[in-house]
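One structure is given below, encoded as structure tokens.
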Amino acid sequence: MAAFLGQFYDDRPIPKLILTSAEPAEVELLGEAFAMKANRKVEILRPQRGEKRQLVDDALTNAREALGRKVSESSAQSRLLAGVAEAFGLDADPERIEVYDNSHIMGTNAVGGMIVAGRDGFQKSQYRKFNIKGTDLTPGDDYGMMKEVFRRRFARLVKAEESGDSTTRPDLVLVDGGAGQLAASLEIFDELGIDDIAIVGVAKGPDRDAGLERFFLPGKPPFMLEPKSPVLYYLQRLRDEAHRFAIGTHRIKRAADMLKNPLDEIEGVGPGRKRALLHAFGSARGVSRASVEDLAKVDGVSSALAERIHGFFRKG
């Protein structure tokens, strides 16, 4: 109890009164240490009766129930991971599963998303987004986008492992897509010399029906799982979470892109002149249609700047 309290209040505000179900070792010394940190008296009390005792009993009940749920969920999760290992022929239950999906609209604002799951469920602090940077990609080239994501993610992994850090090595990689996406991903694995990470492509069923997914493993014919299999439901959840994360990241990027104003790209047009131009012409489109003479009438816009703005909207 003393060790727990010391750790718990290491980075939290210390209250005036702490109620416990068991008296901590060296309670007086601990109280003095807390008082010094909080700059006031701190009382640590193990109540025997009354309202304070009831509060402690309620907290103890809540803790027991939470622990029970945690153990139950952990047991269920372990069974699911064992089922995943059996379905995909893994040597052991996967401790870390990474799932990849891409999102774009006609190739614009393209992003890749990676989510991570394991024995404790979704590990959101491990999620990663990849802004697609390749300038030689054809808009909408899903295979090319997946290659870029894999090259960046796993080149970083190889570099980390060369320095002795293998904490983020996945036991299983799921790729949203069929044989084509799987082949693109395997191409990057071959390029980086990775041959010991299990990888599976998850293709949606006809008309994107959930329950009719086909799974693609290297060197094996595609197969399906039982429609009501708990393992299938679990894999669907993983894929849906990856899709949700990729879509959400794409929407944020698209919204930020939509907020950009072409006036921001013109040298000499700062926030003040930008406001004056938008006030005078209503929008960036209105500015683009204005003549040099009308632009020069705006407060703060010289003849030279008016020429530059006019030419910016007519280049090409």
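So which of A22, A66 is touching a residue at least 12 places away in the same chain (Cβ under 8 Å) and surrounded by fewer than 12 Cβ atoms within 10 Å (Cβ to Cβ)?
A22
Scan segment 40-63 residue by residue and report those that are farther than 10 Å from L19 by Cβ, touching a residue at least 12 places away in the same chain (Cβ under 8 Å) and either of a type in the set (S, T, N, Q) or touching a Pro at 6+ places or on another chain (Cβ under 8 Å) (or both).
Listed by number, the list holds a single entry, V42.
Residues that are under 30 Å from I197 (Cβ atoms): which helices (runs of 4 or more DSSP H) entirely in segment 217-316 hold 2 or more of them?
Output list reads 230-259.
What is the one condition in (1) surrounded by 13 or more Cβ atoms within 10 Å (Cβ to Cβ); (2) within 26 Å of the chain's Cα centre (by Cα); (3) of a type in the set (S, T, Y) that S75 does not satisfy?
(1)
Please determine whether any residue of segment 199-206 is assigned to a loop (DSSP other than H, G, I, E, B), more than 30 Å from V175 (Cβ to Cβ), small (G, A, S) and under 37 Å from the mean Cα position of the chain (by Cα). Reasoning before the result, please.
Going residue by residue through segment 199-206, those that are assigned to a loop (DSSP other than H, G, I, E, B) are 204-205.
Next, only the ones that are more than 30 Å from V175 (Cβ to Cβ) stay: none.
The answer is no, given that none of the residues of segment 199-206 is assigned to a loop (DSSP other than H, G, I, E, B), more than 30 Å from V175 (Cβ to Cβ), small (G, A, S) and under 37 Å from the mean Cα position of the chain (by Cα).
Conditions (1) modelled with pLDDT of 90 or more; (2) exposed (fewer than 10 other Cβ atoms within 10 Å of the Cβ); (3) not assigned by TED's automatic domain parsing to the domain that holds A117, marked per residue:
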site: H243; (1), (2), (3): yes, no, no
site: R254; (1), (2), (3): no, no, no
site: R273; (1), (2), (3): yes, no, yes
site: H279; (1), (2), (3): no, no, yes
site: A284; (1), (2), (3): no, no, yes
site: L305; (1), (2), (3): yes, no, yes
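Is there any pair linking a residue in segment 109-130 that is buried (at least 18 other Cβ atoms within 10 Å of the Cβ) to one that is among the aromatic types (F, W, Y), with Cβ under 6 Å and at least six apart or on different chains, and which?
So the pair list comes out as G112/F130; G113/F245; M114/Y100; I115/Y127; I115/F245.
Pick out the one residue from V158, V200 that is within 24 Å of D93 (Cα to Cα), surrounded by 15 or more Cβ atoms within 10 Å (Cβ to Cβ) and assigned by TED's automatic domain parsing to the domain that holds S103. Can you show your working first?
Details: V158 fails: surrounded by 15 or more Cβ atoms within 10 Å (Cβ to Cβ).
V200 is the lone residue from the list that is within 24 Å of D93 (Cα to Cα), surrounded by 15 or more Cβ atoms within 10 Å (Cβ to Cβ) and assigned by TED's automatic domain parsing to the domain that holds S103.
The values are calculated or read from the model by the stated rules, or taken from the named source; none is laboratory data. Note that the structure is predicted; figures quoted are calculated from it, not measured. Quick reminder, even Gly has a Cβ in these numbers, built from the backbone with ideal geometry, and neighbours come from all protein chains shown.
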